[in-house]
Amino acid sequence: MKDARISHLRARRIWDSRGRPTLEAQVELSDGSIGLGQAPAGASTGRLEAVELRDGDRDIDHGGFDIQNALRQCEDLLRPRLLGQRVETQAVIDQHLIDADDDPNKSRIGANTTIAISIACAKAAAISQGLPLYEHLASSSLKTDEKAGQPKRWQLPLPQIQIFGGGAHAGKRIDIQDLMITCPAASSVAEALSWTASVYRAAGEIMRKRRSSFGVADEGGWWPDFKRNEDALDCLVESIEEAGLRPGEQVWIALDIAATQWFSKGTYQLALESRELKAADIIDMLSEWVERYPIVSIEDPLAEDDDDGFVTFTKALGHRLQVVGDDFLVTNAQRIRKAAAMGAANAVLLKPNQRGTLTETYHAWLAAQELGYEGIVSARSGETEDQSIVHLAIGWRVGQLKVGSFSRGERMVKWNELLRLEDQLGDRAYFAGRNALAPFRSR
Ligand code: PGA
Ligand code: ZN
């Protein structure tokens, strides 16, 4: 990269996988390299996430979801700051974005604005240097665990893939938000995805036979037509068996409870079963599920503000289960440090738009590693064709990747990119497999 600097910056409105407006940033460098970055969007968002800037007025275009405000911030505020800047060190370019807002949660310029630009800069820099994005991300990170000059063996993340979508992504048709599988016993990404395809197909077939197949939820998982939450778990186990695979040996279950969505006026409401629960009841219920089903990972088992619940849950099950903080940790290094001091959770979901820049996301991952937490790079329920999170997981050596289900183009482009990189890297990479999950490492 011969002194390549940002010569053009543009942001435009594009449409995400829910048909809502989102922001695409285009960064052009003086050597002609062009990078595009697209902002994803959540539906079950954490209260402490960085702010997504929407126009907000429901009477104007697109139900308040439009992003004209964000586009203006890019044009008026960020463009003048960024033109002429160098991009090869991601932390430097991201600092300009961070400095542009007095609020660390980016309420003025919007984390959707900054993440699109942050990704676009990383892609332009990679192109300018003739590197794949994962390699640029690894080399431009603040710390790398490889000694300079040594040949790298890249790690390919273990996928967590949704089979049934629920919660806020399926009209609250069941309470659990994500019923996922993970295939730690597979020998490669290719095998893990092939097993997943069989389970996904078997689940669809079972739903079709029961006349319960009504299409798919926001992230591509089958629409969850069940009477009880446990029925969904039973059906998931049945789907794994129907696919000719062994639950609890080859294929395991991962859940995202997204319990913040259950919490209202001091109690947890299970709408499907008309039950009102306290944190202790939820912990009992989930402990019972862990006994009955081959569950290896549970995300957000309690609400985002329920510190005590998280601590109790982690104490009870953290030795045999991955306890993931999503709304609870919001990809925030400070929150991770606070959780570790309390003994809450043992893994963090890493969603770049929850913080607003790649560098802050990376800092969350550094804090997690320091404290012995696992990491899972994650997409959002509103996505685009952007594949950069796959490269983040590889470049930063994060053990797991969650991008939704095994259908819908915005999901499949990411799984296919992972597959493509496995094929291209050959012996220069290995599949994280069982190693990605602490409960298996200690067995
Ligand atoms: P969201 O859901 O993108 O709607 O927040 C994803 C998740 O909770 O993991
Ligand atoms: Zn979640």
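Derivation of every value follows stated rules applied to the coordinates shown; laboratory data play no part. Computed from a predicted model, the values in this text were never measured in an experiment. We place every Cβ from the backbone using ideal geometry, glycine too, and count neighbours over all the protein chains shown.
Diffusion of region 6-131 by Stokes-Einstein, at 25 °C in a medium of 0.890 mPa s and with Rh set to the Kirkwood radius over alpha-carbon pairs, works out to 167 µm²/s.
Of all DSSP-defined beta bridges confined to the chain, some 55% are antiparallel rather than parallel.
Here r is the Cβ-Cβ distance between V413 and H319 and R0 is 45 Å; the resulting FRET efficiency, rounded to 0.05, is 0.75.
With the helix formula -39500 (n - 2.57) applied to DSSP H stretches of n ≥ 4, the chain reaches a computed 222 nm mean residue ellipticity of -11000 deg cm²/dmol.
Rounded to two decimals, the Cα radius of gyration of the chain over 2.2 N^0.38 Å is 0.94.
Protection proxy ranking for 393-401, 39-47, 202-210, using the average of other Cβ atoms within 10 Å per residue and placing the highest first: 393-401, 39-47, 202-210. Exposure proxy for L350, L77, L270: other Cβ atoms within 10 Å of each Cβ, ordered fewest to most, give L77, L270, L350.
Protection proxy ranking for 417-429, 229-241, using the average of other Cβ atoms within 10 Å per residue and placing the highest first: 229-241, 417-429. Summary of the geometry: region 70-130 and region 318-380, compared by the centres of their Cα atoms, lie 23 Å apart.
Approximating the spin labels as points 7 Å out from Cα along Cα→Cβ, the S287-to-D102 distance works out to 4.9 nm. Only Cα pairs under 8 Å and 6+ residues apart enter the sum, and on that basis the relative contact order of region 6-131 stands at 35 percent.
In this structure, the pairs whose alpha-carbon distance is over 21 Å, taken from K172/K351; K106/K351; K278/K338; K172/K265; K315/K338, are K172/K351; K278/K338. In summary, the helical segments of the chain meeting the span-like criteria, namely a full DSSP H run, a Cα extent along the axis of 24 angstrom or more and a mean Kyte-Doolittle hydropathy of at least -1.0, are 111-129, 189-209. Distance between the 7 Å Cα→Cβ label points at D3 and K338: 4.6 nm.
Just the number, please: percent antiparallel of the DSSP beta bridges in region 234-321, rounded to the nearest 5. That works out to approximately 50 percent antiparallel.
Hey, for a label at I34 modelled as a point 7 Å past Cα toward Cβ, could you say which residues of region 62-91 have their backbone N under 16 Å away? Backbone N within reach: none found.
Potential lengthening of the chain between Q68 and R153 amounts to 26.3 nm, from the contour at 0.36 nm per residue minus the alpha-carbon distance. Magnitude of the charge dipole for region 6-131, about its Cα centre and with charges confined to Cβ atoms of Lys, Arg (+1) and Asp, Glu (-1), is about 200 debye. Working ranking of peptides 186-193, 313-320 by packing, defined as the average number of other Cβ atoms within 10 Å per residue, highest first, is 186-193, 313-320. Backbone geometry of region 251-263 corresponds, through the Karplus equation with coefficients 6.51, -1.76 and 1.60 at θ = phi - 60°, to 3J(HN,Hα) couplings of 10, 10, 9, 10, 10, 10, 6, 6, 5, 4, 5, 8, 7 Hz, x marking Gly and Pro.
The slack between R81 and D305, meaning 0.36 nm per residue of separation minus the straight C-alpha distance, is 77.0 nm.
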